[in-house]
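The values are calculated or read from the model by the stated rules, or taken from the named source; none is laboratory data. Predicted model, so just to flag it, every value in this text is computed and none were measured. Neighbour counts are summed over all protein chains in view; Cβ atoms, including those assigned to glycine, are modelled from backbone coordinates with ideal geometry.
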Amino acid sequence: MKLTDEEKAMLDGAEGPAVAAAMDLLVRYGEALDCERLCDTRNVAGTMTQPSPAKAKLVAEHGWDKAYAVINLDSDEEFEVPQMKVPTCQLQHGFSDDSVGVAPYPKQYVELQADAESFYGRKGVNILATCTPYQVGNLPVRGEHVAWMESSAVVYANSVLGARTNCEGGASTGAASLTGKIPCWGNHHEENRRGTHLIDVRVPVKSFLDWGMLGYFAGDLVQEERPVVVGDFAQPELVDLKHFGAAAASSGGVEMYHIPGVTPEAPTVEAAFGSAKLPEAVHYGQREREQIYENLNSQGSNTDVDFVLLGCPHASVDQIWRAARALEGRKLKAQLWIMVPRALKVVADRSGYTEIIEKAGGKVLSDSCPAMSRSAPPGTKVFATDSAKQAHYLPAILGIEAWFGTLEDCVNAAVTGRWTGELR
Ligand code: F3S
């Protein structure tokens, strides 16, 4: 790997032992990838505060500096963690103290995370605590090299914002935050961002549900490659693209897609494919739409619903407002949680949306989600969601049944305790 003089100096310890360990990790990571160089980044989104048994043990025995060295820098050395060199934010993590009595999440983890927040906050980590940092102020610009974790955030950053990131891990983001460097491979290069598959949509796609199902179809089709989507759809909103990308990153490993005329690197379908010949289109029509709906509901058999989950990826203010309107004046039989970024919970509180949701019996929760914290209301056997990602993952994580449908289907299930959703 070719290092600049500045990078060599960091590796040799000019900025202290923690930065040297970080640079050593990046060089090992880059060489394993056959990557020739590092690129500069001033935007890191990682996960430092997320509790785990290994972290709890390390912190109890050796403190936070050692935990960062071992977990985020893959180093056995002893050193003090310096201030983050470049802007760094914490993505989603575990539930916090305001979920006590609501989410069955170990108190010991709530405390560990609170401790972590104060340690990392003092080091310059912005505790955004959401899988949607782009909803709360972390908005990289087109062409900017960033180092992000979290598949749904990565696909949004690459595709919708035109920023450039691979799906990084806890160690590479830990090293990037202390150096401002990340291996320059994969999605950082223009030629790896072009479309590989063409999807021709032949059925109207105009709702949040439909964008999630189309994303689920696209991910299943292309796996880790890059779909280009054309055809019969209305102008998508932020929440539609948030759902589309999260779904495509769940059924496949999509990190980048193009929608000509919508996403920034695809003014036309030809531009989305660069100089390559357009591939034959795969159609997404009524039959495929029905098949995807069936797939996403294949893990539901009992129509008695105990729990409804909204807000995956974390809800926008508009989604919280829509949920509040659907719940206004109603009383819930099943538990209902809506997951939101903490910064937007403040907006929901001030706007009166939280009060409406809570009066109905629902909860507005921040920082985490049932999948991330492996936690749902006690006794949950069957849940319903409007998120293709949660319908995909939660049955395996918690061993529960899943129903997938619209916000209205989910709210009706929460009110009646029964699933009656169907594809319309
Ligand atoms: Fe976010 Fe949890 Fe969904 S972290 S993307 S709400 S699985």
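The set of residues in the range 3-60 that are of a type in the set (K, R) and in contact with a His (Cβ under 9 Å, 6 or more places away or on another chain) contains only R42. In the range 321-348, which residue that is part of a loop (DSSP other than H, G, I, E, B) and surrounded by fewer than 21 Cβ atoms within 10 Å (Cβ to Cβ) is nearest to the ligand (Cβ to nearest atom)? Filtering the range 321-348 for residues that are part of a loop (DSSP other than H, G, I, E, B) and surrounded by fewer than 21 Cβ atoms within 10 Å (Cβ to Cβ), the one nearest to the ligand (Cβ to nearest atom) comes out as L332. Among residues of the range 318-341 that are free of Cβ contacts under 8 Å to residues at least 60 places away in the same chain, those with a beta-carbon under 6 Å from a residue that is away from the ligand (no atom under 16 Å from the Cβ) and hydroxyl-bearing (S, T, Y) at least six positions away or on a different chain give the pairs I320/Y353; W321/Y353; A324/Y353.
Out of S351, S373, S316, one residue alone is out of contact with any Cys (no Cβ under 9 Å at 6 or more places or on another chain), polar (S, T, N, Q) and away from the ligand (no atom under 16 Å from the Cβ). It is S351.
In the condition set (1) under 19 Å from the mean Cα position of the chain (by Cα); (2) buried (at least 19 other Cβ atoms within 10 Å of the Cβ); (3) not in a strand (DSSP E or B), A103 is compliant with all but (1). At least 3 residues being closer than 19 Å to S316 by Cβ and within 16 Å of the ligand (Cβ to nearest atom) is the threshold, and among the helices (runs of 4 or more DSSP H) wholly inside the range 133-223 those reaching it are 151-156, 208-222.
Checked against (1) on the phi > 0 side of the Ramachandran plot; (2) touching a residue at least 12 places away in the same chain (Cβ under 8 Å), K389 passes all but a single condition, namely (1). Do we have any residue at all in the range 275-286 that's modelled with pLDDT of 95 or more, over 22 Å from L161 (Cβ atoms) and buried (at least 23 other Cβ atoms within 10 Å of the Cβ)? Yes: one or more hits.
Of the numbered criteria (1) part of a strand (DSSP E or B); (2) of a type in the set (G, A, S); (3) on the phi < 0 side of the Ramachandran plot, the one G253 fails is (1).
Within the range 57-95, being closer than 13 Å to A22 by Cβ, surrounded by 18 or more Cβ atoms within 10 Å (Cβ to Cβ) and aromatic (F, W, Y) holds for one residue alone: Y68.
All told, W148 falls short of being in contact with an Asp or Glu (Cβ under 9 Å, 6 or more places away or on another chain), surrounded by fewer than 22 Cβ atoms within 10 Å (Cβ to Cβ) and modelled with pLDDT of 95 or more. One residue stands out among those in the range 380-400 that are assigned to a helix (DSSP H, G or I) and in contact with a strand residue (DSSP E or B) (Cβ under 7 Å, 6 or more places away or on another chain): the one that is farthest from the ligand (Cβ to nearest atom), which is P395.
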